[in-house]
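Peer 1: Could you have a look at this structure, given as structure tokens, before my questions?
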Amino acid sequence: MRAASTRAVSPTATPPAPGHFRSKQSGFRYMPSVSRISIALLCAGAFAFACGPRSHSEAASTAALTTAAPVVLQGGLARSSHVSAKLASNLEVKIEDDGVKFALRVTNESKKHIELTFPNGQTHDFVVIDSLGREMWRWGAARLFTQSVQNKLLGGGETLSVNEKWERPARHGKYTAIATLHSSNFPVEERVEFVLP
């Protein structure tokens with residue numbers, strides 16, 4: 001006859017910590033599932049934070065530091081100024097058989113880099129108004145744009161060009177095209193009158 005085996009617990013054995021339990025087979029301590037989930041969520045959050053999007057590239061950040069010159073105002077307060085930054089812009093309108101093409105060109109005339117900041121995904125817009133000031137067409141009217149800040153680095157002498165087309169305008173007459181660069185730090189607006197025969 002076999003005697004039932006009993007496991008003797010030594011007086012020096014440590015009891016399981018609060019919130020843990022000991023497996024009968026191996027004697028190892030296991031954490032409850034709530035703690036496992038918490039650790040997994042913390043690891044996932046740290047990974048998402050580390051891989052998240054950045055608002056500036058390293059080059060754009062260093063360029064912004066070199067182009068912004070501090071200016072002392074009357075109260076002794078300093079702020080950044082873009083006095084040396086010069087942007088030139090022009091709007092071209094080309095009338096074709098199937099529509100009207102618009103081209104907005106913005107050129108950095110300085111030797112330094114300029115960082116253009118846009119409050120959302122809509123960097124530009126084109127609007128056509130008639131001779132009475134009524135809006136006839138807007139490029140951005142039927143479009144959706146992201147709601148995140150965007151930055152565009154424009155090098156010295158570099159030109160940013162934006163081209164759009166007004167497809168098959170129905171009415172003939174005198175119109176004004178308005179092109180807008182939606183930069184929060186260097187806003188640009190150009191107007192050109194044209195006639196549709």
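The values are calculated or read from the model by the stated rules, or taken from the named source; none is laboratory data. Predicted, not measured: the structure shown is a model, and the values here were computed from it. Using ideal geometry, Cβ is built from the backbone for each residue, glycine included, and neighbour counts are taken over all protein chains shown.
Peer 1: Kindly provide the set of residues from the stretch 134-153 that are aliphatic (A, V, I, L, M) and surrounded by fewer than 15 Cβ atoms within 10 Å (Cβ to Cβ), ordered by number.
Peer 2: Of everything in the stretch 134-153, those that are aliphatic (A, V, I, L, M) and surrounded by fewer than 15 Cβ atoms within 10 Å (Cβ to Cβ) turn out to be 141, 142, 144, 149.
Peer 1: Which condition number in (1) over 25 Å from the mean Cα position of the chain (by Cα); (2) not in a strand (DSSP E or B) is the one that residue 166 fails?
Peer 2: The single condition residue 166 does not satisfy is (2).
Peer 1: Filter the stretch 182-197 for residues that are out of contact with any Lys or Arg (no Cβ under 8 Å at 6 or more places or on another chain) and of a type in the set (Val, Ile, Thr); which is nearest to residue 96 (Cα to Cα)?
Peer 2: Residue satisfying both the conditions and the ranking: 192.
Peer 1: In addition: Looking only at the stretch 141-163, which residues are more than 18 Å from the chain's Cα centre (by Cα), small (Gly, Ala, Ser) and in a loop (DSSP other than H, G, I, E, B)?
Peer 2: 141, 142, 155, 156, 157
Peer 1: Which strands (runs of 3 or more DSSP E) sit wholly inside the stretch 45-123 and have at least 3 residues that are at pLDDT 90 or above and within 26 Å of residue 145 (Cβ to Cβ)?
Peer 2: Here the list reads 87-96, 99-108, 114-118.
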